[in-house]
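The values are calculated or read from the model by the stated rules, or taken from the named source; none is laboratory data. Since we're looking at a predicted model, the values are computed, not measured. Backbone-built Cβ (ideal geometry, glycine too); neighbour counts: all protein chains shown. Each accessible area value is taken on the protein alone, full model and side chains, heavy atoms only, with ligands, DNA and RNA left out. Shrake-Rupley method; radii C 1.70, N 1.55, O 1.52, S 1.80 Å.
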Amino acid sequence: MEQVTIRDIARKCKVGVSTVSRAMNNHPDINPETKEMILKVIAESNYVPNNSARNLKRSNAKAIAILVKGMDNMFFNNMISVIEEVVRKKKYACIIERVEEKANEVDSAIEIVKEKRLRGIIFLGGNFTHPHEKMAQIPVPYVISTIGAVSDGGKPCASVSVDDYRESYKMVDYLCGLGHRRIAIITACEDDISIGRLRLNAYRQALLDHGIPYDPDLVFHMTKDDTYSFATGYKVTKEILEKKTEFSALYATADTLAIGACRALKEAGLTVPDDISVAGFDGIDAGEYYIPSITTIRQPVEQLAAETAKMLFSLISGKEKPCSKVYDGELVVRESTKSRIAQQ
């Protein structure tokens, strides 16, 4: 029979691996009920801790961790694969940790460094508007990937990303150029001050630059509990349709949301793109093979991932100081969008 791993326990308990580790090591920073539930699952599963993993924790091993906030986001899959390959070539171990949606990613980083004595951290996803004083508590070099860090006047953070504002503007500008004037948008929760805010602000500015008034009734926010998933795109689009909001194009700020939206539109008897044009963001593989294929902003996944890993190892070796690198995205026009100029 296949041996049960700590990840299996975390999955059964619907918590992060680090939470399971805290329960096993009698860490004080864990809810007693959560700890009791985890220990019960461990006992029922006949889980035996991996000695090599324990040795990794106790020694100053050559290891880095990738902290992922938003495991449902398919965009991160290819990123992780490329980073892992670079890490292996450097003869380092690579530990992947899921950060729960409501958890503070910086607190998670500080904790896992203490537990496993890591050499470095890569953050994928999350909200990086943390105060400089908070970021300074991370005791090892780190790189924020896919998100541009917001400076608060402290020391710069190492980051690798596209310019989310510029790329989002590019998409909305394209839709306006097709003759769309009623463009709905699915975006992050209302209090998001990271990527979601940037993409929404760009949407608003692009409309204004085309002489189109900003209409808040066309802006549909995800909830705090929503993830960038097919299911969320489907759910929010159903809500849009129930409100009988008039729109000719739908800009979903992630390809996964766009694909879910297409499903909801089809069920409502609408055709993409003849009735509604749909556009996404990220350039995930699924968008290319979906029918209709999704018009999107393709992020340069391999470049972002390779540069992220390269930057982290340069920081670990002391060869570089923290800096930000920004790459260009690419507008990829596919089957899900259509001009309305001839129809008007």
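For the stretch 99-116, which positions are out of contact with any helix residue (DSSP H, G or I) (no Cβ under 7 Å at 6 or more places or on another chain) and of a type in the set (K, R)?
Start the filter on the stretch 99-116 by keeping residues that are out of contact with any helix residue (DSSP H, G or I) (no Cβ under 7 Å at 6 or more places or on another chain), which leaves 100-105, 107, 109-110, 113-114.
Within the stretch 99-116, K102, K114 meet the criteria.
In the stretch 327-339, what residues are open to solvent by 70 Å² or more (accessible area, probe 1.4 Å) and of a type outside the set (A, V, I, L, M, F, W, C)? Talk me through it step by step, then tell me what you get.
Step one: of the stretch 327-339, the residues open to solvent by 70 Å² or more (accessible area, probe 1.4 Å) are 328, 330, 333, 335, 338.
Correct list: D328, E330, E335, K338.
Could you tell me which of the residues K90, K69 is within 12 Å of the chain's Cα centre (by Cα) and not small (G, A, S)? Break it down stepwise before answering.
Numbers: K90 fails: within 12 Å of the chain's Cα centre (by Cα).
Exactly one of K90, K69 is within 12 Å of the chain's Cα centre (by Cα) and not small (G, A, S), namely K69.
State which residue is farthest from I110 (Cα to Cα) when the search covers only the stretch 6-57 and only residues that are at pLDDT below 85 and charged (D, E, K, R).
The extreme case among them is E44.
Answer yes if at least one residue in the stretch 260-277 is closer than 21 Å to G126 by Cα and out of contact with any Leu (no Cβ under 6 Å at 6 or more places or on another chain), and no otherwise.
First, pick out the residues of the stretch 260-277 that are closer than 21 Å to G126 by Cα: none.
Among the residues of the stretch 260-277, not one is closer than 21 Å to G126 by Cα and out of contact with any Leu (no Cβ under 6 Å at 6 or more places or on another chain), which makes the answer no.
I need the full set of residues from the stretch 327-344 which are of a type in the set (V, I, T) and in a strand (DSSP E or B), in order please.
V332
Tell me, which strands (runs of 3 or more DSSP E) lie completely within the stretch 103-215 with 1 or more residues that are within 18 Å of V68 (Cα to Cα), in contact with a strand residue (DSSP E or B) (Cβ under 8 Å, 6 or more places away or on another chain) and open to solvent by less than 20 Å² (accessible area, probe 1.4 Å)? Write out each step before concluding.
Values: elements: 120-124, 142-145, 159-162, 183-187.
Qualifying strands (runs of 3 or more DSSP E): 120-124, 142-145, 159-162.
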